[in-house]
1. Of the residues that sit in region 247-264 and are surrounded by 17 or more Cβ atoms within 10 Å (Cβ to Cβ) and over 22 Å from R286 (Cα atoms), which one is farthest from the ligand (Cβ to nearest atom)?
2. Does region 132-165 hold any residues that are open to solvent by 10 Å² or more (accessible area, probe 1.4 Å), under 18 Å from L90 (Cβ atoms) and assigned to a loop (DSSP other than H, G, I, E, B), and which are they?
3. Within the bounds of region 225-238, is there any residue that is away from the ligand (no atom under 13 Å from the Cβ), of a type in the set (A, V, I, L, M, F, W, C) and free of Cβ contacts under 8 Å to residues at least 12 places away in the same chain?
4. Select from region 29-51 the residues that are touching a residue at least 60 places away in the same chain (Cβ under 8 Å) and more than 8 Å from the ligand (Cβ to nearest atom) and write down the one among them that is surrounded by the fewest Cβ atoms within 10 Å (Cβ to Cβ).
5. How many residues are within 26 Å of M63 (Cα to Cα) and either open to solvent by 10 Å² or more (accessible area, probe 1.4 Å) or away from the ligand (no atom under 16 Å from the Cβ) (or both) if we restrict to region 107-130?
6. Filter region 113-125 for residues that are under 17 Å from P95 (Cβ atoms) and not β-branched (V, I, T) and give the result.
7. Do we find that D170 is over 24 Å from F43 (Cβ atoms) and open to solvent by 30 Å² or more (accessible area, probe 1.4 Å) in this structure?
8. Among residues belonging to region 66-106 that are among the hydrophobic types (A, V, I, L, M, F, W, C), assigned to a loop (DSSP other than H, G, I, E, B) and under 17 Å from the mean Cα position of the chain (by Cα), point out the one that is farthest from the ligand (Cβ to nearest atom).
Amino acid sequence: MVTNDPWATGRTADAGHWQTARFRLSLDRVRVMGIVNVTPDSFSDGGQSLDTGAALQRCEALMKEGADILDIGGESTRPGAPSVPVDEELRRVLPVVRGAVSLNVPLSVDTSKPEVMRAVLDAGADIVNDVRALRDPQALAVLAAHATAGVCLMHMPGEPATMQSMAVYDDVTREVGQALAAMAARLRQAGIAAERVVLDPGYGFGKTLDHNCQLLREQRQLLALGHPLLVGLSRKSMLGALTGGRAAPERLAASIAAALAAVDAGALVLRVHDVQATVDALSVWRAVRPAAVSPVAGRRPGD
Ligand code: HH2
């Protein structure tokens, strides 16, 4: 074991996999989570997969491109997006989960609603990805009642409508780290095994451009929390700001650069719109990165 191995720093021995409902997902290499937004109004791809058939086609296409996980969402989190009633969110995501369950790939559902969580887990979904980190006690209860489902806890102060007014930190990395630690402790107290939990710093959620850049620069510090890190930087507005105002569909190069920066800083799951390009970038990355021995699998991450 190489003690200064970036892949090892601060991570506990059991942080080498993500336990999800049907799959124990090895994290000895970086995993790509492909985004399937079943929404009319998502910030970069709203309306593209609004009906079940189109969403399932996207699921299959993303798998062919090399996605390791599919993340299905029925409500946009962009600031100002209208809230979606439970029955409408269920109408959007449940048939997609039911159709995708036979694809033999881990299915994540991006939701904060306990009713939706319960229904999709009953239908065979593997992971709950909650940008509100199960802050609804009923949501926590749904996950605690499930023996194995994975969960992603993301940092977001307040709600999408108010989060940018709460983008005030003395030290963003320290404060995001403390908040994530408290979230993980709350799940532990509820009896949810640590191996089921990944953490996400929440790029673009209640953070200014400077906060996002500092957080990415210092992201490695979050590895000390002992959970794998998932990041969502794909097409985010911070990338538009850093590239002279490019619109969301024109942020591919910026998204790849950000994804690799995040991997360099210890991220093990990348939530992305552009799966093929990200998979290609990771292939090159793996071939040329400094050799490091994974303490988890006893071999180089990515092999
Ligand atoms: N970002 C978005 C949505 N869900 N989940 C996690 N864990 N991390 C993220 O960074 C994250 C997320 C926003 O992206 P997108 O789904 O493309 O847009 P919208 O929320 O408008 O549907």
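1. Filtering first and then ranking leaves R251.
2. Within region 132-165, R132, D136, H146 meet the criteria.
3. No, because not a single residue in region 225-238 is away from the ligand (no atom under 13 Å from the Cβ), of a type in the set (A, V, I, L, M, F, W, C) and free of Cβ contacts under 8 Å to residues at least 12 places away in the same chain.
4. R29
5. 8
6. If we filter region 113-125 for residues that are under 17 Å from P95 (Cβ atoms), which is where we start, we get 113, 115-125.
Within region 113-125, K113, E115, M117, R118, A119, L121, D122, A123, G124, A125 qualify.
7. Numbers: over 24 Å from F43 (Cβ atoms): yes; open to solvent by 30 Å² or more (accessible area, probe 1.4 Å): yes.
Judged against the criteria, D170 is a match.
8. V105
The values are calculated or read from the model by the stated rules, or taken from the named source; none is laboratory data. It should be emphasised that the depicted structure is a prediction, and the values quoted were computed from it without experimental measurement. With ideal geometry, Cβ positions are generated from the backbone for all residues, glycine too; neighbour counts draw on all protein chains shown. Ligands, DNA and RNA are excluded from the accessible area calculation, which covers all protein heavy atoms including side chains. Shrake-Rupley method; radii C 1.70, N 1.55, O 1.52, S 1.80 Å.
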